[in-house]
Amino acid sequence: MNDTALAVCLCLASAVAYASAAVAQERLARAAVARSARALLGNGAWWWSAGLNASAALLHAAALRYGPLTLVQPLGALTLVAAVPLGARRAGRRVAATEWRGTLATVAGLGLLLLPASGPAPDDTLTLAEALAVSGATAAVILLLTAVKDPRSGLRHATASGLASAAASALTQTVAVAGGRGGSLLSVRVVAVALLVVVFAVGGLLLSQRAYRGGLGAPLAVVNLANPLAAAAIGMVLLGERLQGGLLGVLLAVAGAAAAARGVLLLTRTPPAAVALRGTGPAPTPRPLALARSADRR
């Protein structure tokens, strides 16, 4: 098995684990369990989702050892493919047609992004200065996205989660590649970058937990869109990664980004409350106003 095939297999396993964790997180968020850090830390189901996230992250880190950021990150869209039907089944409902269209459009778009992204196994790594610059810039954008207190800020938190995950992946690749070359895992650069990985990985987890209060499909799609785009930018600017295919590759990437954005838009048009009511039986028949008032007086 060559490096690219191994990276894809590891990404598949990682996507399934991430999807299961996302469904668990969304159920906790909808049940109002995620309103404080103390509530989360005292909840066994949240620790189960955190364990799934950790397993997925390890598989993802292994994939980054064998594939470039521009290849590995778009495959995260497979999380969306698994999570939307899995979440619907756990909620006891059917997947809405709009959800299917949005999911397929997002995945198709990221697939187009994936075609020109295939490349050799990663060789370059971030220097300590570059790692700190990436971390500082990502943290600043995350603060801007989450500074405003707004109950409808789920998609902003999802974007912030995607950016945190992208930074964690870029930093993880530096640790994985540097360690795979037989270098010292206790060097100042590797230890410092590993600590930054932990910070962004945990931050991404908590941000996604906040984003899922408004449902699963749209926030998860935004996470899976922001993550590969940000990671690809880091890979191309700092790690020398390039899209394959010249002008055709660029056109495919642009078309993929447009299709993925369309998919996210479709998912945002599916109100979680309305979808949850489908398949649960007929809605109660409203009582006439006069009868309701009479019943209230009794």
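Taking Lys and Arg as +1 and Asp and Glu as -1, the other residues whose beta-carbon sits under 11 Å from that of Leu216 total +2. Model label points for Ala255 and Leu104, set 7 angstrom from Cα along the Cα-to-Cβ axis, are 1.8 nm apart.
Derived scalar couplings between HN and Hα for segment 208-224 equal 5, 4, 5, 5, 6, 4, x, x, 10, x, 5, x, 5, 5, 5, 4, 6 Hz in order, rounded to whole Hz, by the Karplus curve 6.51 cos²θ - 1.76 cosθ + 1.60 (θ = phi - 60°), x for Gly and Pro. Take 20-26, 200-206, 106-112 and order them by the average number of nearby Cβ atoms within 10 Å per residue, most first; the result is 20-26, 106-112, 200-206.
Place a label point 7 angstrom from the Cα of Ala54 along the Cα-to-Cβ direction, then list the residues of segment 197-230 whose backbone nitrogen is under 15 Å away. Answer for segment 197-230: 198-199, 201-203, 205-206.
Here the calculated FRET efficiency for Arg93 and Arg262, from their Cβ-Cβ distance with R0 = 25 Å, stands at 0.55, rounded to the nearest 0.05. Label-to-label distance for Ala13 and Ala137 is 3.3 nm, based on points extended 7 Å past Cα in the beta-carbon direction.
Readers should treat all values here as calculations from the given coordinates under stated rules, not as data from a laboratory. Keep in mind the model is a prediction, meaning the values are calculated, not measured. Note that each Cβ is placed from the backbone with ideal geometry, even for glycine, and that neighbours are counted across all protein chains shown.
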